[in-house]
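Structure record follows, encoded as structure tokens.
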Number of protein chains: 2
Amino acid sequence: MSELKEKVHQMRKASIELASSEGEKRNAALAAIKEALLSHREEIFSENEEDMRLAAENGVPEAVKKRLKFDEGKLTASTEGLDSLISLPDPLGKTELCRELDEGLILRRVSCPIGVIGVIFEARPDALIQISSLCLKSGNAAVLKGGKETTHTNRILFRLIREAAERAGLPEGCLLQAESHSEIDELLSCDKDVDLVIPRGSNAFVRYIMDHTRIPVLGHADGICHIFVDRSADLNTAVKILLDAKLQYTAACNAVETILVHREIAKDFLPKLGEAMKKEGVVLRGVKEVTELLPGVEEMGEEDYATEYLSLTASVKLVAGVEEAVEHINRFGSHHTDAILTKDDAAWEYFRQRVDSAGVYRNVSTRFSDGFRYGFGAEVGISTGKIHARGPVGLHGLVTYKYLLEGEGQIVADYSEGRKAFHFRDL
Amino acid sequence: MSELKEKVHQMRKASIELASSEGEKRNAALAAIKEALLSHREEIFSENEEDMRLAAENGVPEAVKKRLKFDEGKLTASTEGLDSLISLPDPLGKTELCRELDEGLILRRVSCPIGVIGVIFEARPDALIQISSLCLKSGNAAVLKGGKETTHTNRILFRLIREAAERAGLPEGCLLQAESHSEIDELLSCDKDVDLVIPRGSNAFVRYIMDHTRIPVLGHADGICHIFVDRSADLNTAVKILLDAKLQYTAACNAVETILVHREIAKDFLPKLGEAMKKEGVVLRGVKEVTELLPGVEEMGEEDYATEYLSLTASVKLVAGVEEAVEHINRFGSHHTDAILTKDDAAWEYFRQRVDSAGVYRNVSTRFSDGFRYGFGAEVGISTGKIHARGPVGLHGLVTYKYLLEGEGQIVADYSEGRKAFHFRDL
């Protein structure tokens, strides 16, 4: 067994102890982490400068360097995140169901941690803080593998976090850092000991993870989000929302990629849309019907509607109504977040019932699908799967439950042979 | 694309319509199914006789023939099951969270069906009725593949169910029957169109399914359940519970396989246990320490504690206390259902917090872990996974949710640039 696998195997025991720890102790650990980050800020910044220096040397792109940088602003955001996490109620030990099956036979469904979670994330030091603190709050042991560009920053952050957690009394070995790239595949092969993998990164990376492990994976690869401009939409509001959804953070998974327009308003709306997008440097693409109506649109084939641009490009399509819009979204979309802009309640009803996505919106930007904006505090990721957690995943998606049954010697034979009967009374 | 794959692909659309159907219509379909079963009972019985005749010809074992048989008693149980399902509240469209993010910006988390579910089940005609009705009640389209021994019975049951559902107004094609064995692999390859697979059958069969699909699988392979007799247990009650857990249905996944005994009471308890088990024809096995204390116990090695017998055999082990019992269970168990027999509240606390199983019991038989006995109505299976549903899975585990966000033109830029702020008010 490799060193990492052996360590992960040992984590099982730590995870059992962590699962039974009190909420107060887990909160104390979060407070200790905050303290440690603040009192070691200079050390952290100096390690981060080393990562930044190496990034400059290696010609790392500006966008990545922006994520890499860990400064006073990101430190403040991180400690504020810790404060808000401390203030949230304990997600563990909540009784979700309490039922008397028969006299003296009580069934309870009680929330508990998932166990051991593997997190593989992009080059963002603040993500390491956010994810490890979410795991600790929810009583889950975590194996963390960060991007290689943040090696120095991650190393000190991880050390501070682990030491603070152990000082606060959480079990030794409930957090583990994997550093080398080869350890990703080792981690993915720990299906006996790791209960869930959460990958954060590019589509190709997430898809690689999904294809190379038997451990359940929570997350999303594509984010092909749609906005459908219905015939009753307010056209100026529509332009405002579309600009936000495309431009506010172009590389985000919840940025809009395809704009569907009701054919009846296309003649009025497309020129407005074209002008506004052009001003912002956005290239529009569409099939022939669109290019004929709006000069300057790049012609493309129908199959291109499955493209996630993550850049200043968007696809445009005309549809006959909400039915066709829904059909297009369910066919080409990635079940992430899709919106309708409409004043028509019946169209919204139809849309919200049938669009098979984690987020289904009316008259707002798709960019709202995010744990912070939903008021969940931090998130570990956004899931487009339908099993377990869906959409932005905060503490809610990091717990499962067990059924506790307490009795006084009851046996099944008495019930199956009619000497006793269940009465099922919810308490 | 093969015929089955093409049909499953078509089901997507039917599943979207089914998802948006009203609860009343789904209940009407269940009522129509009940009607159809009752008015075609003679036809069903006669098809079942054909299956029974072939089973006799092919030397099918008695235990399987018992499950195969569909008679007046099973029909009554099935129609009672339908009645109870109709009486349960609609699991769809339930608002689990309703939050005002800001003035005029309302987030709701609303339950919805998973989509398309593939169910592969053993040779039990009543299972076909139970599973298809659970899927319909929860708005899920279902592909059903039953055991080949029930071909004739399944064919007529499926036809009656599908026709009744469509007559009640549910979308055409929301139920599909797969009949040939080769279609199992085809179904398992439909990871683009099938959201969840539920296999029911032998360990080897379930493991095959888990190893041969990228679709999430809900269920369990092993059921290695433990009962720990603590030193404070009432010894007569302990014997009664152990007999029930081993004998009431020996081949059940929640039958006890390993009996852990506190070393302090071993001298008193083992002879009692040995005598009672011998009388019922149960063979006990154990490591040397056990065989030395109790004559007649078959000696085995430590690694044999990982055995699921499903027969009149059980392993026995002595432990130093609840700590060692928990360690043994988490190491050798299958995370299904494990019990402690004790009067000691502290031991129960320790046990219930640390045993990492779907069912954690005190002073009752492990045989209680079952959807009917939990008052869930029917179940589609028992899950030992920790992602999504755990334990007996009824309607609760057949739904997911979507986030609906309704606004008045809000854009994210206003919030990220400080012109507006969220106020997160739960409604």
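Since every read-out is calculated from the coordinates, none of them should be taken as a lab result. Given the structure is predicted, the values throughout are model-derived calculations rather than measurements. Glycine gets a Cβ as well: all are built from the backbone with ideal geometry, and neighbour counts include every protein chain shown.
Using a label point 7 angstrom from Cα along Cα-to-C-beta, what distances in nm, from shortest up, separate A:Asp414 from the other copies?
Label point to label point, same position, other copies: 6.3 nm.
Could you name the residue in chain A with the C-beta closest to the rotation axis that superposes chain A on chain B, along with the separation in whole Å?
Spelled out as residue then distance in Å, it is A:His388, 2.
Loop only by DSSP, 16 or fewer other Cβ within 10 Å of the Cβ. Give me the trypsin sites (Lys or Arg not before Pro) in segment A:210-305 that pass, ordered by residue number. Show your work: numbers first, answer last.
Values: sites: A:Arg214, A:Arg231, A:Lys240, A:Lys246, A:Arg263, A:Lys267, A:Lys272, A:Lys278, A:Lys279, A:Arg285, A:Lys288; in loops: A:Arg214, A:Arg231.
In loop regions of segment A:210-305 (DSSP not H, G, I, E or B), the sparsely surrounded trypsin sites (Lys or Arg not before Pro) are A:Arg214.
Suppose we keep just the DSSP beta bridges with both residues in the protein assembly as shown; what percent of those would be antiparallel, to 5? Before the final figure, lay out each step's value.
Working: 38 of 122 bridges.
The antiparallel proportion sits near 30 percent.
How far is A:Glu303 from the same spot in each other copy, in nm, shortest first, if each label point sits 7 Å from Cα toward Cβ?
Computed spacing set for this position: 5.2 nm.
Enter the angle in degrees (range 0 to 90, nearest 10) between the Cα long axis of helix B:322-332 and the first principal axis of the Cα atoms of chain B, meaning the one along which they spread out most.
Helix B:322-332 sits at roughly 60 degrees to that axis.
How high is the relative contact order of chain B? Use alpha-carbon pairs under 8 Å, at least six apart in sequence, and give a whole percent.
Numbers: 815 pairs, mean separation 81.8, N = 427.
Averaging sequence separation for qualifying contacts and normalising by length gives 19 percent for chain B.
As an exercise, take the mean of 1/r over every pair of distinct alpha carbons in segment B:225-368, invert it, and state the Kirkwood radius in angstroms.
Values: mean 1/r = 0.0688 Å⁻¹.
Kirkwood radius, segment B:225-368: 14.5 Å.
Find, among the trypsin sites (Lys or Arg not before Pro) in segment B:82-162, those assigned to loop by DSSP (not H, G, I, E, B) with at most 14 other beta-carbon atoms within 10 angstrom. Don't skip to the end; give the middle numbers.
On the way: sites: B:Lys94, B:Arg99, B:Arg108, B:Arg109, B:Lys137, B:Lys145, B:Lys148, B:Arg155, B:Arg159, B:Arg162; in loops: B:Lys94.
Sites meeting the loop and neighbour criteria: B:Lys94.
What whole number of Å gives the distance from the Cα centroid of segment B:4-62 to the Cα centroid of segment B:282-312?
So the two Cα centres are separated by 44 Å.
What are the residues whose amide H is under 5 Å from the amide H of B:Tyr361, where those residues sit 5 or more places off or on another chain and H is modelled from the backbone?
A:Leu405, B:Asp338, B:Ala339, B:Ile340
By the scheme Lys and Arg +1, Asp and Glu -1, what is the net charge of all other residues having a beta-carbon under 12 Å from that of B:Pro216? Mind showing how you got there, number by number?
On the way: positive: A:Arg214, A:Lys386, B:Arg214; negative: B:Asp191, B:Asp195.
Charge balance near B:Pro216 sits at +1.
Using a basic spin-label model with each label point 7 Å from the Cα along Cα→Cβ, how many nm lie between A:Ala421 and A:Leu312?
7.5
With axes computed from alpha carbons, what is the tilt in degrees of helix B:345-354 against the longest principal axis of chain B, rounded to the nearest 10 within 0 to 90?
50
Could you tell me what percent of the DSSP beta bridges with both partners in segment A:225-368 are antiparallel, to the nearest 5? All intermediate terms of the calculation are to be shown ahead of the outcome.
Details: 0 of 24 bridges.
Here the share of antiparallel DSSP bridges comes out near 0 percent.
On a 26 Å Cα-Cα criterion, which of the cross-link pairs A:Lys192/B:Lys94; B:Lys25/B:Lys65; A:Lys240/B:Lys192; A:Lys386/B:Lys145; A:Lys13/A:Lys402 come out too long? Could you put the intermediate results ahead of the total?
Details: A:Lys192/B:Lys94 35 Å; B:Lys25/B:Lys65 36 Å; A:Lys240/B:Lys192 35 Å; A:Lys386/B:Lys145 22 Å; A:Lys13/A:Lys402 18 Å.
Where the Cα-Cα span goes over 26 Å, the pairs concerned are A:Lys192/B:Lys94; B:Lys25/B:Lys65; A:Lys240/B:Lys192.
Loop only per DSSP, at most 15 neighbouring Cβ atoms within 10 Å: give me the GluC sites (Glu not before Pro) in segment B:254-316, ordered by residue number.
Sparse-neighbourhood loop GluC sites (Glu not before Pro): B:Glu280.
If I take every Cα pair under 8 Å that is 6 or more residues apart in segment B:225-368, average their sequence separation and divide by the length, what percent do I get for the relative contact order?
Values: 270 pairs, mean separation 48.8, N = 144.
Relative contact order of segment B:225-368: 34 percent.
Report the calculated FRET efficiency for A:Glu3 and A:Glu35 (r = Cβ-Cβ distance, R0 = 35 Å), to the nearest 0.05. Don't skip to the answer; put the middle values down first.
Numbers: r = 31 Å, r/R0 = 0.89.
Once rounded, the FRET efficiency stands at 0.65.
Please give the helix B:72-87 orientation as an angle from the longest Cα principal axis of chain B, in degrees from 0 to 90, rounded to the nearest 10.
60
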